[in-house]
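First the structure, in the form of structure tokens, and then the observations on it.
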Amino acid sequence: LAAHAPRSVLLDLFFDTPSADPTQDEALAAAMKKLPVYLPLDYVAPRIGHPEAEPAFSLPIPLLAREARGLGHANATPDADGLVRGLWRYEGRPEKVWPYVGLEIAMQTVTPVPAEVLGLRSTENWVRGGRFGVDFAGAAGSYPTVSYLDMLRGDFNDELVRGKLVMVGALANAGLGDTMPVAGIGALTSLPGVEIHANAVDALVAGRTIDIPTDWRRVLWISVPIWLVLMLFLVGASHAVMWTFAVSLACIGLDYLALVYWRFALPLASPLCGVITSYVLWSWRRLNALLVFFRERAAVLNAVPAGAFEPPLPVSTQPAPLDSVER
């Protein structure tokens, strides 16, 4: 690769175990001196049956770590539904937080961790900060790909590599299990890890990352539609259904505009559920108020002596129901 002058290379492989033949590690380290090479850190999850163990990142062997232009995490964490929508710019243990390796490739420098991220803490003794979403380019194969063997033989166009960001890793058809389902390109569509990083680095370089707010902006986005629809109910109670649909459509439209034009990923289900729940509670309270009103009027009418304004009701021989109209 060095002969074709790529901009940088990501070896999406974990070199945390020395080779059986030390000369192979030395040969790789010597080759890494010829061009900027970035190495990922291996995420080590706690083993089952060892609750005292904590997650950590495993570094490459010292020989390769010294020759790498940069080290960083490559942990693509799925959301609660199991789909990958983005990555964290910074992640790690409180005593050592690592930047995302793709962030270092995009910046072409060793990226320091901001002080506000270092101040974060979590219940799992794990720090994450700078979440960003990725607008995936498409299914597997959306980026130009050359097989490892063709690259070694030189069977490729030089323009495919020169000045480009090259990523070396296993594709989906390699059968190594390095695939994860992603969101935004179809139902249950998976991408290999190296293509997930290609999309993420592409978004970072082009400035097309999607901001996923988790602070007060998220709270406002969820709460403001609920308060707005409740105020509209007070202004025009007879048009409650219309206000519910109007605010819901406004939420859908703003969510679309924020994602497409402003690169903000706002949760849509939360405000919609809040607006619909507000309508249900508002309707129940109005119905309850009507029932209270009728109950009070019925009590006033029942206080009038029988026969004053209506004939007495015939005596029924049937057993009284558990919840009769009179009761």
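The values are calculated or read from the model by the stated rules, or taken from the named source; none is laboratory data. As the structure is a prediction and not an experimental result, all values here were calculated from the model. Every residue, glycine among them, receives a Cβ derived from its backbone with ideal geometry; neighbour counts consider all protein chains shown. Heavy atoms of the whole protein, side chains included, go into the accessibility calculation; ligands, DNA and RNA do not. Shrake-Rupley method; radii C 1.70, N 1.55, O 1.52, S 1.80 Å.
Some points to look at:
- Qualifying residues in the range 19-65 (those that are among the charged types (D, E, K, R) and under 31 Å from the mean Cα position of the chain (by Cα)) - the one modelled with the highest pLDDT: ASP42
- Only one of MET151, MET167, MET180 that is open to solvent by less than 80 Å² (accessible area, probe 1.4 Å), more than 25 Å from HIS4 (Cα to Cα) and at pLDDT 80 or above: MET180
- Scanning the range 210-229 for residues that are assigned to a helix (DSSP H, G or I) and either in contact with a Phe, Trp or Tyr (Cβ under 8 Å, 6 or more places away or on another chain) or open to solvent by 50 Å² or more (accessible area, probe 1.4 Å) (or both) returns TRP216, ARG217, ARG218, VAL219, LEU220, VAL224, TRP227, LEU228, VAL229.
- Residue match in the range 90-106 (condition: open to solvent by 60 Å² or more (accessible area, probe 1.4 Å) and within 29 Å of LYS164 (Cα to Cα)): no
- Remark: GLU159 matches the filter, which requires a residue to be open to solvent by 70 Å² or more (accessible area, probe 1.4 Å) and assigned to a helix (DSSP H, G or I).
- Pairs are defined by a Cβ separation below 6 Å, a sequence spacing of at least 6 or placement on different chains, a first member in the range 212-225 that is closer than 15 Å to TRP262 by Cβ, and a second member that is at pLDDT 85 or above; the pairs so defined are ILE212/ARG131; ILE212/GLY133; ILE212/ALA265; TRP221/LEU266.
- Within the range 230-255, if we keep just the residues that are polar (S, T, N, Q) and open to solvent by less than 80 Å² (accessible area, probe 1.4 Å), the residue that is farthest from VAL84 (Cα to Cα) turns out to be THR244.
- Of the residues screened, ALA198 is not one that is within 27 Å of HIS4 (Cα to Cα), crowded, with 16+ Cβ neighbours inside 10 Å and more than 20 Å from the chain's Cα centre (by Cα).
- Members of the range 1-40 found to be closer than 19 Å to GLN108 by Cα, in a loop (DSSP other than H, G, I, E, B) and hydrophobic (A, V, I, L, M, F, W, C), listed by number: LEU1, ALA5, LEU35
- Cβ-Cβ under 6 Å pairs, at least 6 apart or on other chains, the range 30-41 side open to solvent by 50 Å² or more (accessible area, probe 1.4 Å), far side part of a helix (DSSP H, G or I): LYS33/GLU67; LYS34/ALA2
- Any hit, the range 95-106, residues being without any contact (Cβ under 8 Å) to a residue 40 or more places away in the chain and touching a helix residue (DSSP H, G or I) at 6+ places or on another chain (Cβ under 7 Å): yes
- The range 111-121: number of residues that are open to solvent by 60 Å² or more (accessible area, probe 1.4 Å) and under 23 Å from VAL44 (Cβ atoms): 3
- Any chance ALA258 is free of Cβ contacts under 8 Å to residues at least 24 places away in the same chain, surrounded by 16 or more Cβ atoms within 10 Å (Cβ to Cβ) and among the aliphatic types (A, V, I, L, M): yes
- Scanning the range 271-301 for residues that are open to solvent by 50 Å² or more (accessible area, probe 1.4 Å), within 16 Å of LEU230 (Cα to Cα) and of a type outside the set (A, V, I, L, M) yields CYS273, THR277, TYR279, TRP282, TRP284, ARG285, ARG286.
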